[in-house]
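The structure appears below as structure tokens.
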Amino acid sequence: MTHADLVFTGGPVLTADSARTRASSLAVTGERITAVGHDEVRELIGPKTEVVDLRGRLLIPGFQDAHIHAVYGGSELSECDLTGTTGTDEYLRRIREYADAHPERPWITGSGWSLESFQGGLPTRQLLDSVVADRPVYLLNRDHHGAWANTRALELAGLSRDTPDPADGRIEREPDGTPSGALQEGATGLVARLVPPSTAADRLNGLLRAQRLLHSLGITGWQDALLGVFNGQPDPSDAYLSAARAGTLTARVTGALWWDRARGAEQIPELVERRAELRHGRFRASSVKIMQDGITENFTAAMTSPYLDGCGCATANSGLSFVDPEALRSYVTELDALDFQVHFHALGDRAVREALDAVEAARTANGRRGTRHHLAHLQVVHPSDLPRFAGLGAIANIQPLWAAHEPQMDELTIPFLGPERAAWQYPFGDLLRAGATLAAGSDWPVSSPDPIAGIHVAVNRTEPGATGGRVFLPEQRLDLGTALAAYTAGSAHVNGLDDAGSLRAGNLADLVVLDRDVFDGPPEEIAEARVLQTYVGGELVHSA
């Protein structure tokens with residue numbers, strides 16, 4: 001008999017298989033699970049076997065994040081951090097403190113401010129000038145679809161009342177046309193292009209910083225949703241390749257190559273070359289990210305009908321489709337034929353429909369292939385499009401943390417969608433009932449990367465820690481098993497890891513020990529669970 005290298009016993013083992021069976025012991029040899037069962041697994045314990053006594057705690061498959069920006073998130077941890085508050089006075093205090101602590105930095109950069117903190121979601125340059133006027137300041141908002149700049153940054157970028165809006169964005173303006181300090185979507189690049197670029201060492205350090213954080217949250221793999229140059233931000237691909245070659249990339253990472261929306265099909269051969277180059281060890285860039293629209297809060301998410309104004313009347317604005325829908329169908333068909341997965345940013349119901357139409361065109365032309373196209377965000381989905389996910393094999397990549405009542409939703413979204421469309425938001429339950437495959441992610445650093453918090457919101461449709469508050473569209477709640485499966489088997493499926501995401505013999509030993517059995521407590525307490533240990537391929541990568 002061959003003894004196991006590692007045996008977990010003495011607690012519940014959630015296999016996350018289709019039957020959602022449970023075991024009480026699991027054995028690992030090398031990087032693979034070799035046995036899942038009960039007392040018989042203990043027979044594999046030998047003199048050199050490491051035995052982990054679960055002591056009643058829950059063993060689950062490692063979490064995977066199907067939509068994240070890990071290098072950006074890790075890099076931003078070293079910049080001016082405005083997360084965790086919505087107070088403008090606190091923002092200004094942190095910015096001033098950061099600037100004072102870093103006199104050597106020619107630019108003050110950072111992220112994390114919330115739209116809800118400002119009237120209409122629009123901060124002003126004068127506010128920033130009051131704390132830092134001598135150096136340019138450029139701060140991305142929480143969702144990274146907009147930025148806040150001071151007067152010095154706008155002047156250096158040459159922005160004035162005569163500067164036209166770019167085709168894919170908007171410069172917010174004062175009554176006389178002077179840029180006000182808020183930049184939306186593609187307009188952020190007008191300033192971002194001047195920010196001193198990070199170095200290769202900066203990006204690598206950002207990745208390793210992110211990896212430590214993600215492993216501490218039980219995340220063993222992810223799909224990085226943007227490998228390429230975007231709005232002045234440097235390409236993080238080199239960080240992944242460097243870490244993979246050095247053996248310091250312990251996570252399993254799929255990269256989504258950025259589709260330059262200012263170009264067309266002529267970039268496809270370049271994507272093919274990059275896919276071949278960006279592959280080493282646990283890293284591969286086999287997906288293509290197409291950002292089809294923006295976000296609802298700044299009225300750039302693509303809608304099938306116009307946004308409303310503050311009085312509830314229809315405007316002339318239905319949002320932006322960044323890629324021409326007819327061209328999109330052609331591009332996706334060609335990418336599919338080349339065995340690329342397409343990772344869509346599709347937030348408004350028109351963008352969702354355009355992405356599904358593109359997948360349908362590819363299926364019609366090429367037949368059903370193993371490309372596993374997926375649509376991320378899915379804030380507003382027209383009811384008539386719900387069945388199309390299962391019919392086309394398009395995976396619903398959900399970001400559950402956003403599906404809750406909070407000021408950005410209640411003040412900056414619902415009033416401008418109107419009651420009918422507001423009820424179509426984040427339809428997790430409807431997608432599941434329509435037969436869609438669910439994967440899940442965080443979009444970190446847009447929102448917390450903690451999968452347990454995401455699962456909590458998917459199940460409760462309230463924010464962690466909220467008590468007595470309104471439940472956001474309760475009919476769209478998921479049961480705990482389904483939500484957990486989306487963060488494990490569902491995201492592993494999206495990432496092409498068919499031997500991960502569930503605990504069965506032969507699968508990769510990507511494992512997480514939680515401090516409790518979350519199925520034993522009330523749903524309201526899911527977010528209180530903590531990760532104690534994380535293993536990738538049987539190797540311990542985090543211990544609390």
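Points worth noting:
- Taking the charge dipole of the chain about its Cα centre, with +1 at Lys and Arg Cβ atoms and -1 at Asp and Glu Cβ atoms, the residue from 146, 405, 374 reaching farthest to the positive side is 374.
- DSSP beta bridges confined to the chain are antiparallel in about 50 percent of cases.
- For segment 231-340, trypsin sites (Lys or Arg not before Pro) meeting the loop criterion (DSSP other than H, G, I, E, B) and having at most 15 other Cβ atoms within 10 Å: 263.
- Charge context of residue 507, other residues only, Cβ under 13 angstrom, K/R +1, D/E -1: -2
- Label separation (residue 479 vs residue 160): 6.5 nm, computed from points 7 Å beyond Cα along the C-beta direction.
- Value of relative contact order over segment 336-428, rounded to a whole percent, pairs C-alpha under 8 Å and six or more apart: 31
- Here the extension length gained between residue 265 and residue 326 equals 20.7 nm, from 0.36 nm per residue of separation less the Cα-Cα distance.
- Helix-derived mean residue ellipticity, 222 nm - over the chain, DSSP H n ≥ 4, -39500 (n - 2.57), to 500: -7500 deg cm²/dmol
- Antiparallel DSSP beta bridges within segment 263-494, as percent of all bridges there, nearest 5: 20
- When segment 107-192 is described by a simple charge dipole with +1 on each Lys and Arg Cβ and -1 on each Asp and Glu Cβ, the residue from 130, 157, 175 located farthest towards its positive end is 130.
- Spherically averaged projected area of segment 79-190 from its Cα convex hull (nm²): 6.5
- Full extension of the segment from residue 504 to residue 89, taken as 0.36 nm per residue of separation minus the current Cα-Cα distance, would add 144.2 nm.
- For segment 201-318, the share of DSSP beta bridges that are antiparallel, to the nearest 5, is 30%.
- Counting every other Cβ atom within 10 Å of each residue's Cβ, 364, 296, 482, 2 order from fewest to most as 2, 364, 482, 296.
- Proxy reagent accessibility, fewest Cβ within 10 Å first, across 438, 432: 432, 438
- Rounded to the nearest 20, the size of the Cβ-charge dipole of segment 107-192 about its Cα centre is 180 debye, with Lys and Arg at +1 and Asp and Glu at -1.
- Distance from segment 450-483 to segment 7-25 (C-alpha centre basis), Å: 24
- Crossing angle, helix 88-101 versus the chain [Cα axis fit, 0-90 degrees, rounded to tens]: 80
- Computed 3J(HN,Hα) for segment 160-173, one whole-Hz value per residue from the Karplus formula 6.51 cos²θ - 1.76 cosθ + 1.60 where θ = phi - 60°, is 9, 5, 8, 6, x, 5, x, 5, 10, x, 8, 8, 6, 9, glycine and proline marked x.
- Footprinting exposure proxy for 134, 5, 165 (fewest neighbouring C-beta atoms within 10 Å first): 134, 165, 5
Throughout, read-outs are computed from the coordinates displayed, never taken from laboratory work. Being a predicted model, the structure only gives us computed values, none of them experimental. Positions of Cβ are generated from backbone atoms using ideal geometry, with glycine treated the same way; all protein chains shown enter the neighbour counts.
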